[in-house]
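Enquirer: My questions will all concern the structure given below.
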Amino acid sequence: MLAELQKSPSLYATTKDNVVVLARMSADAQRLVVCAALAEGKSFEAEFNEASLTALKPADFGWDRFFEELQGSFNSGRVSSTSGAFVEITSSNGSKFQFSLEQTSEDIQRVILNSLLNYHHIHTHSKEIEKQLEEAGKQEQEVRMQAADLEREEVSLKESIARNKEQEDVNQRRLAELNGQLAAAEDKKRKSGAADVEEEDEELTTCRCRIPLGEKDCKDVDAELLKLVKGRWTDGATEADSIYNSVARPYTSSELTAQTSSFSSAQRQAIWQALEKIDDWDYDVFNVQSQMSGDDNASLAIQANGGSLLVTGFALMFRHGLMQKFKIDERILLNWLTVVEAGYHGNPYHNSMHAADVLHITHYILSKGGLAKKCKLTDEDMFGALFAAIIHDYDHPGINNSFHVKTQTYLATLYNDRSVLENRHVSSVFELMKLSKFNVLSAFTDDQRRDIRDTVIEMVLSTDMGLHAKIVNQFKRRLQENHDFTKKDDIRLALSMAVKMADISNCGRPEHIYLKWSGKIADEFYMQGDRERNLGLPCSPFMDRSQPAMAKGQIAFMNYIVVPLFECISEFLPDMHFSVDHTEQNKAYWNKNDDS
Ligand code: AMP
Ligand code: ZN
């Protein structure tokens, strides 16, 4: 048998069904190897030794006849196959013998081509075979890349499921909490006398919106932590006898030295350190949030002691001397900050961390960016600007204006399809402030209140991306006249540009911060896409999770929106020009990591 096998070392045929079949000698020249490759990529193979071939060979065939018939049937197309699993040879006298093969993960197409290349009878076609081999290699590479992509998608879907699960648990707990509050309120109403009920109703009817803290005035803030926050900008002694109603009396110098040389908790130490960067471009709200709440994602909704918005808001109000200057009742400021923070939803992107981030960058543009100096901002302007940044996405539901308009939600009808969410953000905070405990403007005069309210309304409404081109063009035209932006209208236009820049500043932040935000906005976009699909609507651009195109979306957003806006602001505030370079660097990331 071996002598005959070695005479016909390699046979090749293609069946009518396009199965490629190869019969060849094994590497040790002891067995016959039969392989089959199906057009769609499945491969089969088996090795036959003398014993197994004896069982298969017709009894009246000698080995010479057997191998002769084998060769004859390969050369004259008498080879057939059943799905690659069986290869059947028909001999010259019509008798058939069948090789039973096993499916294999090895790429037999490649094995066959390699094997063919090694034998003289295909030398004339070697170029073609080499091309096929090269093609097969490319296909293999492509399939491997597709498999890797699918694996990555699977991982991200699993992560997303896990996050949604965590969020669901948080929501369930919050729902239970709200149901408890509702039951307690109804119980109280039932038990209390008619006079009490009337009195309470009068207070409640002054505010016609949901009060995120329920019956509470404020979250359980850590007064020691707030003292440390103040300690960043006082030397202690001068602030100790503060004249405004302070909850967290600043430490004296010696108390502050004692506290900061040996912190009473790791959290306080971490916040103290994080605040060192509040004047810098790389201040990190994710870090502040996770120090306050344990992590920067799932606990957004519960954060019983406040999160990054409370810390950043409180710090900046104090840092700019606004609590002191306007003698703002600190208890009311804390009530207001915590109720606003609680009113942000646990969305992947439009949450209270985003508000804290926009607040911090607004502060940066005003101070290091030079806007406050250039526009000669008053303390009222400063207060209005920080206030606007803090509330600018309050109560955001995680779906955009266009979704509201096309599905004709209650809010779209209420605001006549115009800046639906932005109107909602401002009006619900001012509605909340009808309750005295949240009225952070109570310390101001009527004129100051009017002025601050106008600034806030104009700034928040300007964050509607539907008005982007209009506002940017207005600013550009104004800039062409001159750079004197000290009149009220110009100040408000410049402040609107500042909050608009802060709102999309994630694209110009250090890469590790930017990538977190871009991942979060993609998550939120996909959630809107899911809702659109469920309603039978086409998914909005870049919101279809089954067709991810992050690189394309991010590069387009940076090219058409972010860079032109940053450049325009840099013309007015040259110290902001570095943000364009940062954005270019983040864009380069997507050029290197294209997912589409
Ligand atoms: P706002 O909804 O107020 O936060 O407005 C800013 C809008 O800019 C967001 O709603 C997004 O549509 C868009 N945006 C901000 N950052 C990004 C980003 N990294 N990629 C794509 N769109 C963004
Ligand atoms: Zn925003």
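Enquirer: Compute, for segment 273-403, the length of the dipole vector about the Cα centre, with Cβ point charges of +1 (Lys, Arg) and -1 (Asp, Glu) only. Units Debye, rounded to 20.
Expert: About 480 debye.
Enquirer: Taking 0.36 nm per residue of separation and subtracting the Cα-Cα distance, what length does fully extending Glu102 through Arg210 add?
Expert: 32.2 nm
Enquirer: Based on the alpha carbon coordinates of segment 47-118, what radius of gyration and maximum Cα-Cα distance (Dmax) apply, in Å?
Expert: 13.2, 36
Enquirer: Ignoring ligands and nucleic acids, what accessible area does Phe542 show with a 1.4 Å probe (Å², nearest 10)?
Expert: Counting only protein heavy atoms, the figure is 100 Å².
Enquirer: Same structure, new question: Quick one: check the C-alpha center-to-center distance for segment 327-344 versus segment 491-512, whole angstrom.
Expert: Cα centres, segment 327-344 to segment 491-512: 24 Å.
Enquirer: Let me ask you something else. Take segment 485-571, drop everything but the C-alpha atoms, weight them equally and run the Debye formula without solvent; then report log10 I(q)/I(0) at 0.18, 0.23, 0.24 Å⁻¹ to two decimals.
Expert: Here the Debye-derived log intensity ratios amount to -0.85, -1.09, -1.14.
Enquirer: Related question: Report the accessible area of Asp489, computed with a 1.4 Å probe over the heavy atoms of all protein chains in place, in Å² rounded to the nearest 10.
Expert: That residue has around 120 Å² of solvent-accessible surface.
Enquirer: From largest accessible area down, sort Arg418, Arg545; use a 1.4 Å probe on the protein chains.
Expert: Arg418, Arg545
Enquirer: Determine the relative contact order of the chain: mean sequence separation of Cα pairs under 8 Å and six or more apart, normalised by residue count, in whole percent.
Expert: With pairs under 8 Å counted, the relative contact order is 9 percent.
Enquirer: Under a plain spin-label model, where a point goes 7 Å from the Cα along Cα-to-Cβ, how far apart in nm are Thr407 and Thr54?
Expert: 7.6
Enquirer: How much accessible surface does Asp575 have with a 1.4 Å probe, in Å² rounded to 10?
Expert: For Asp575, solvent-accessible area is about 100 Å².
Enquirer: Between segment 54-84 and segment 523-575, what is the C-alpha centre distance in whole Å?
Expert: For segment 54-84 versus segment 523-575, the Cα centre distance is 64 Å.
Enquirer: May I ask you to compute the full-extension gain from Ser253 to Asp28, defined as 0.36 nm times their residue separation minus their alpha-carbon distance, rounded to one decimal in nm?
Expert: Length gained between Ser253 and Asp28: 72.3 nm.
Enquirer: Please report, as a whole percent, how much of the solvent-accessible surface of segment 244-400 comes from carbon and sulfur atoms (probe radius 1.4 Å).
Expert: Roughly 46 percent, rounded to a whole number.
Enquirer: Modelling each spin label as a point 7 Å along the Cα-to-Cβ direction, I'd like the Arg531/Gln273 distance in nm, to one decimal.
Expert: 3.9
Enquirer: Based on the Cα gyration tensor of segment 446-596, what are the three equivalent ellipsoid semi-axes, each the root of five times an eigenvalue, rounded to whole Å and given largest first?
Expert: 31, 20, 13
Enquirer: So how do Arg533, Arg65 rank on accessible area, 1.4 Å probe, biggest first, that is with the largest at the start?
Expert: Arg533, Arg65
Enquirer: Sort His582, His468 by accessible area with a 1.4 Å probe, largest first.
Expert: The ranking, largest first, comes out as His582, His468.
Enquirer: Moving on. Where does segment 249-310 land on Rg/Rh, using Cα atoms and the Kirkwood Rh?
Expert: Using Cα coordinates only, the ratio equals 1.02.
Enquirer: Need the list of lysines near Lys138 for cross-linking: C-alpha distance under 19 angstrom, and skip anything on the same chain fewer than eight residues off.
Expert: By straight Cα distance, Lys138 reaches Lys42, Lys127.
Enquirer: Nearest 20 debye, what's the magnitude of the dipole of the chain about its Cα centre given +1 on Lys and Arg Cβ and -1 on Asp and Glu Cβ? Don't skip to the end; give the middle numbers.
Expert: Working: 67 positive and 91 negative charges, 160 e Å.
Here the chain has a charge dipole of around 760 debye.
Enquirer: With respect to the cross-link table entries Lys227/Lys376; Lys500/Lys520; Lys227/Lys520, which display a Cα-Cα separation exceeding 25 Å? Could the numbers behind the result be given before it?
Expert: Working: Lys227/Lys376 30 Å; Lys500/Lys520 19 Å; Lys227/Lys520 33 Å.
As for pairs spanning more than 25 Å Cα to Cα, those are Lys227/Lys376; Lys227/Lys520.
Enquirer: Using the C-alpha gyration tensor of the chain, what are the square roots of 5 times its eigenvalues, in whole angstrom, with the largest one first?
Expert: Equivalent ellipsoid semi-axes, largest first: 72, 27, 24 Å.
Enquirer: Could I ask something else about it? Counting each DSSP H run of 4 or more residues in the chain as -39500 (n - 2.57), what helix-only mean residue ellipticity at 222 nm follows after dividing by all residues, to the nearest 500 deg cm²/dmol? Mind showing how you got there, number by number?
Expert: Working: 26 runs with 340 residues, N = 596.
After summing the helix terms and dividing by residue count, I get -18000 deg cm²/dmol.
Enquirer: Still on this structure, please answer the following. Can you work out D for segment 440-516 in µm² s⁻¹ from Stokes-Einstein, where Rh is the Kirkwood radius over C-alpha pairs, the temperature is 20 °C and the viscosity is 1.002 mPa s?
Expert: 151
Enquirer: Any chance you could list the semi-axes, whole Å, largest first, of the equivalent ellipsoid that the Cα gyration tensor gives for segment 305-454, using √(5λ)?
Expert: Working: eigenvalues 136, 57, 52 Å².
For segment 305-454, the semi-axes come out at 26, 17, 16 Å.
Enquirer: With labels modelled as points extended 7 Å from the Cα through the Cβ direction, what inter-label distance (nm, one decimal) is found for Met145 paired with Ala588?
Expert: Reported label-point gap for Met145 and Ala588 is 2.3 nm.
Enquirer: Would you kindly state how much longer the chain becomes between Asp484 and Val155 on full extension, computed as 0.36 nm times their sequence separation minus their alpha carbon distance, in nm to one decimal?
Expert: Fully extending the segment from Asp484 to Val155 adds 113.1 nm.
Enquirer: Taking a cut-off of 28 Å between Cα atoms, list the lysines near Lys189, but don't count ones fewer than 8 places away on the same chain.
Expert: The qualifying lysines are Lys216, Lys219, Lys434, Lys437.
The values are calculated or read from the model by the stated rules, or taken from the named source; none is laboratory data. A quick note: this is a predicted structure, and the numbers were derived from the prediction, not measured. Virtual Cβ from ideal backbone geometry, glycine too; neighbours counted across all protein chains shown. The accessibility values were calculated without ligands, DNA or RNA, using every heavy atom of the protein model including side chains. Shrake-Rupley method; radii C 1.70, N 1.55, O 1.52, S 1.80 Å.
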